[in-house]
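The structure appears right after this line, and notes come after that.
Computed from the coordinates by the stated procedures, all read-outs in this text should not be read as laboratory data. Since the model is a prediction, treat every value here as computed from it, not as a measurement. Cβ sites come from the backbone with ideal geometry, for glycine too, and all protein chains shown count toward neighbours.
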Amino acid sequence: MLAPGDPIPTFELKNQDGDTVSATDLRGRTTILFAFPKADTPGCTTQACGFRDEMPVIEAHGARVYGISPDRPKALKKWQLKKKLPYDLLSDPDHSLLEALGGWGEKSMYGRRYMGVIRSHWVFDEAGALIDAQIKVSPKESVAKATDLVAG
């Protein structure tokens, strides 16, 4: 798990359009990176639309947002269009970045244990260093905490 001041892990992932986004692309501006289990599900939609609705505040403070999940780019694009999400969604099908960030781990539902995305977010500064990490956070808390931090 990353600690404050740690650099964002090196990565190259496809976004919803099939374009490659890398760790170096996240430098230059404060960046909120949020992890969600599956596109177009209720909690994920609450989180993603919450960030969408807060974009005026986030952008006014010079920051940007990226979402990340194991979903394929095609599914991410469909959801992005459906919900009018104004930011990139990154596809991490082998969950390598999610694991490096601490957003992949054991979960349980109805007594069954399995590995999956742990709803989380991370805020990185302009240099790509971690400012804050919220692991296992509710969709609404994720949006509020990340936006409050960016807005100072």
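Counting just the residues of the stretch 81-98 that are under 20 Å from A146 (Cα atoms) and of a type outside the set (D, E, K, R), which one comes out surrounded by the most Cβ atoms within 10 Å (Cβ to Cβ)?
Applying the filter and picking the extreme gives L89.
Taking I68 and the conditions (1) touching a residue at least 40 places away in the same chain (Cβ under 8 Å); (2) aliphatic (A, V, I, L, M); (3) exposed (fewer than 13 other Cβ atoms within 10 Å of the Cβ), which numbered condition does it fall short on, given that it satisfies the others?
(3)
Answer yes or no as to whether K107 is assigned to a helix (DSSP H, G or I) and either over 13 Å from the mean Cα position of the chain (by Cα) or within 13 Å of F36 (Cβ to Cβ) (or both). Show your work before the answer.
Details: assigned to a helix (DSSP H, G or I): no; either over 13 Å from the mean Cα position of the chain (by Cα) or within 13 Å of F36 (Cβ to Cβ) (or both): yes.
No.
Restricting to the stretch 1-36, name every residue that is farther than 14 Å from D92 by Cα and not in a loop (DSSP other than H, G, I, E, B).
Residues satisfying the conditions are P7, T24, D25, L26, T30, T31, I32.
Please go through (1) farther than 18 Å from L26 by Cα; (2) touching a residue at least 40 places away in the same chain (Cβ under 8 Å); (3) assigned to a strand (DSSP E or B) for R113 and return the number of the only condition it doesn't satisfy.
R113 satisfies every listed condition except (2).
Just for the stretch 37-65: of the residues that are charged (D, E, K, R) and part of a helix (DSSP H, G or I), which one is surrounded by the fewest Cβ atoms within 10 Å (Cβ to Cβ)?
Residues of the stretch 37-65 charged (D, E, K, R): 38, 40, 52-54, 59, 64.
From what's left, part of a helix (DSSP H, G or I): 52-54, 59.
Working: R52: 18, D53: 11, E54: 19, E59: 15.
That would be D53.
Find all pairs meeting these conditions: Cβ atoms under 6 angstrom apart; at least six residues apart or on different chains; first residue within the stretch 132-152 and over 21 Å from A60 (Cβ atoms); second residue of a type in the set (D, E, K, R) and in a helix (DSSP H, G or I).
Every condition considered, the pairs that remain are Q134/K145.
Conditions: (1) loosely packed, with under 14 Cβ neighbours inside 10 Å; (2) over 15 Å from the mean Cα position of the chain (by Cα). A129 meets all but one. Number of the miss?
For A129, the failing item is (1).
Would you mind stating whether L101 is free of Cβ contacts under 8 Å to residues at least 40 places away in the same chain, hydrophobic (A, V, I, L, M, F, W, C), at negative phi and buried (at least 18 other Cβ atoms within 10 Å of the Cβ)?
Criteria not met by L101.
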